Amino acid sequence: MAIFKGVIGRDLTFLSNQLRNLALGGVDIVKDDEILFENSFTPFEQRITVMKRTLQEAYEQTGHRTLYSVNISGKTNEVIERARLASDLGADIILLNAFSYGIDLVQTLREDPFVRVPIMVHPAVSGAMTSSNEYGISPSLLLGKLLRIAGADFVLFASPYGSVAMDRSDALKLHQELIGEDPYFKKCFSVPSAGIHPGLTEKIMNDFGKDSIINGGGRRIWSP
C-alpha cells in the first residue's frame, strides 16, 4: 500500500498523476493521507470518480488492479452520509480516523446496510490513550481487539521500527488480536505503519507475516 503525500492545497490533477504512477508501479492499494480533509481543491465526490477513472486506465494498461481508499471527514452525520455516497460511487475502501469520533462510529458504519465497502481505520488520536506506561489502554486492546469487534477490515498502527515506533512486543500482541482465530469475529488486515520503506519489507514479513499490509509512504516510492 502507498499513501498520497504532499496533498494539502493540491488539486485533483496532482492526485491523479501521483495515483497513476503508483498504480503503474504495481502498488495494490493507495490511500488518502488521513489529514486530507474535505476541501474545494479535492472535493470528496469528485475525488472518488476521478481516482476510479485513473485506476481503470492503469488497469487497462497493465492488467493489475489497484484499489483506492478514500478518507472520510466532517461531522459525524456527514461521515455517515459520505460513507454511503462512497459506496454508491463505487469506492473500493473507506478510511476513517476512528478515534477522532469514537469506535462506535466504526460499528455504526459496519452495520449500515448502505455502506457496502471495507473500512480502514487510522490510529490518529489513539496515541493520547496508549502512549503512557502509567495510565490508558493497551494498544492490543484499543487498536486490536476493540476495532476487530467493531467491524474494522484494516487497522493501521505504529510499527516497531518506523518513525513513531511502538514497542515490538506491543505491536505483535496487537497484530495477533487482529488476525488470531476467533469463532465470532472475522480477521482484520494488520497494517504496521509510520516511516515504512522498501528496506523494511523483510522485517515486516518476518514479524507480521502474510496477513499484513506493507504501508509505504508515497514520498518514498514516487517522484514527479
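So the values come out like this:
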| quantity | calculated |
| --- | --- |
| Whole-angstrom gap from the range 145-224 to the range 99-113, using each part's C-alpha centre | 21 |
| Low-density loop cleavage sites - trypsin sites (Lys or Arg not before Pro) in the range 158-197, where at most 13 other Cβ are within 10 Å (DSSP) | K186, K187 |
| Crossing angle, helix 12-24 versus the chain [Cα axis fit, 0-90 degrees, rounded to tens] | 70 |
| Residue-count net charge about S131 - beta-carbon cut-off 15 Å; Lys, Arg +1, Asp, Glu -1 | -3 |
| Sparsely packed chymotrypsin sites (Phe, Trp or Tyr not before Pro) within the range 125-183, loop by DSSP, other Cβ within 10 Å at most 13 | Y135 |
| Along the chain, longest interval not containing exposed GluC sites (Glu not before Pro), exposed being DSSP loop plus at most 12 other Cβ atoms within 10 Å | 1-133 |
| Low-density loop cleavage sites - chymotrypsin sites (Phe, Trp or Tyr not before Pro) in the range 77-127, where at most 14 other Cβ are within 10 Å (DSSP) | F114 |
| Fully extended contour minus Cα-Cα distance, from K173 to N39, at 0.36 nm per residue | 44.5 nm |
| Potential lengthening between Y184 and A165 on full extension [0.36 nm per residue; Cα-Cα distance subtracted] | 3.7 nm |
| Per residue value of the accessible surface for the chain (all protein chains in place, 1.4 Å probe), Å² | 49 |
| Cα long-axis angle, helix 168-179 against the chain (0 to 90 degrees, to the nearest 10) | 70 |
| Label-point separation, I137 to E57 (7 Å along Cα→Cβ), nm | 4.3 |
| Taking only Cα atoms of the chain, radius of gyration then Dmax in Å | 16.8, 54 |
| Simple label model, 7 Å out from Cα along Cβ direction - M129 to F14, nm | 3.3 |
| Nearest-20 debye value, the chain charge dipole, Cβ charges on Lys, Arg, Asp, Glu | 400 |
| Within the accessible area of the chain (1.4 Å probe), percent carbon and sulfur | 51 |
| Choice from T130, T62, T54 with maximal GNM fluctuation in the chain (Cα, 10 Å cutoff) | T62 |
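The values are calculated or read from the model by the stated rules, or taken from the named source; none is laboratory data. All of these numbers come straight from a predicted model, not from anything done at the bench. So basically every Cβ, Gly included, is an ideal-geometry build from the backbone, and we count neighbours across all protein chains shown. Areas reflect the complete protein model, heavy atoms only, side chains present, ligands, DNA and RNA absent. Shrake-Rupley method; radii C 1.70, N 1.55, O 1.52, S 1.80 Å.
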